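Down below is the structure, laid out as structure tokens.
The values are calculated or read from the model by the stated rules, or taken from the named source; none is laboratory data. Everything numeric in this text was worked out from a predicted model, so none of it was measured. Every residue, glycine among them, receives a Cβ derived from its backbone with ideal geometry; neighbour counts consider all protein chains shown. Quick note on the areas: whole protein, heavy atoms, side chains included, nothing else; ligands and nucleic acids left out. Shrake-Rupley method; radii C 1.70, N 1.55, O 1.52, S 1.80 Å.
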Amino acid sequence: MTADQLGIAVPPREVAVRATIEFADPMAAGAALTDQHSAVEGRPEQFAMLGRTWTLLPGVFAPVHTASTELFSSWLPFPVGGAFLEIGSGAGVTAVTAALAGCAHVTALDISRAAVANTEANARRHGVADRLRVLRSNLFDALDTAERYDVIYWNSNVIDAPPEFEYLDELQWAFFDRDYATHSKFLSQGPKLLAPGGRMFLGFNTLGNKERLRVMADRLGLELATFRRRPGAVGGIGVELSLLEVLVG
């Protein structure tokens, strides 16, 4: 179902943070968000965020439509002098910000080819390509299992899609997680990639299935703690945005 079919007018960014659209069905919300982020008309080729200007390529999750990228990037405790891993880098705002904040080694992963190219473009634009590695990967698949990170972060595709859901394009991976398989993999494999004293963070919002996430964490002996949260909006949809910390052991 598209945003037009739902009768939703997509607001500009300055209005989106104030607007609230109630969705009884997160799947409908995900369809509307996919339409919004894939739209060509009115989509900027660059945007301002966190005091910098960023390149935005077609087919990439557009941070201008949501409060999450800017908010989570300002909340994260970047490990100065250490190694930072971002899952789902999109346009590259968080990964580049991590490098500029003083992380010695940054790895950015995304399943989307367009997002990989966009993160690389912004790494070059802001002069951090020498310490920011970008890989196309389904979660951790492209990494060497011996790698270790001081902080691992993922602004997750929170919508819990049914097992029969079919991905029709790469952008849908930014919003939908079929049978919460990626969340399960993140929780089970992520802790193995942490350096001693390392920390894991998950960007989440109320379109997601937090109860299912907690059950998964409990089964693995993990705890989910709210690091920070506040009301906000994604594409004009009123949500609570939360940065969750996955506490290991």
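Surrounded by fewer than 23 Cβ atoms within 10 Å (Cβ to Cβ) and touching a residue at least 40 places away in the same chain (Cβ under 8 Å): is that true of THR145 in this structure? Yes. Taking the condition open to solvent by 10 Å² or more (accessible area, probe 1.4 Å), aromatic (Phe, Trp, Tyr) and either in a helix (DSSP H, G or I) or out of contact with any Lys or Arg (no Cβ under 6 Å at 6 or more places or on another chain) (or both), does PHE201 pass? Judged against the criteria, PHE201 is not a match. Inside the stretch 168-190, residues that are part of a helix (DSSP H, G or I) and over 17 Å from ALA29 (Cβ atoms) make up a count of 11. Just one of the listed residues (THR182, THR206) is touching a residue at least 24 places away in the same chain (Cβ under 8 Å), β-branched (Val, Ile, Thr) and over 23 Å from GLY236 (Cα atoms), namely THR182.
THR145 satisfies every condition listed in (1) at pLDDT 95 or above; (2) of a type outside the set (Lys, Arg); (3) within 26 Å of PRO77 (Cβ to Cβ); (4) outside any strand (DSSP E or B) except (1).
Only one of the listed residues (ARG133, ARG212) is modelled with pLDDT of 95 or more, within 22 Å of ALA114 (Cα to Cα), open to solvent by 70 Å² or more (accessible area, probe 1.4 Å) and of a type outside the set (Phe, Trp, Tyr). That residue is ARG133.
Pull up the stretch 57-110, narrow it to residues that are within 17 Å of SER38 (Cα to Cα) and without any contact (Cβ under 8 Å) to a residue 40 or more places away in the chain, then point me to the one that is most open to solvent (accessible area, probe 1.4 Å). Filtering the stretch 57-110 for residues that are within 17 Å of SER38 (Cα to Cα) and without any contact (Cβ under 8 Å) to a residue 40 or more places away in the chain, the one most open to solvent (accessible area, probe 1.4 Å) comes out as ASP110.
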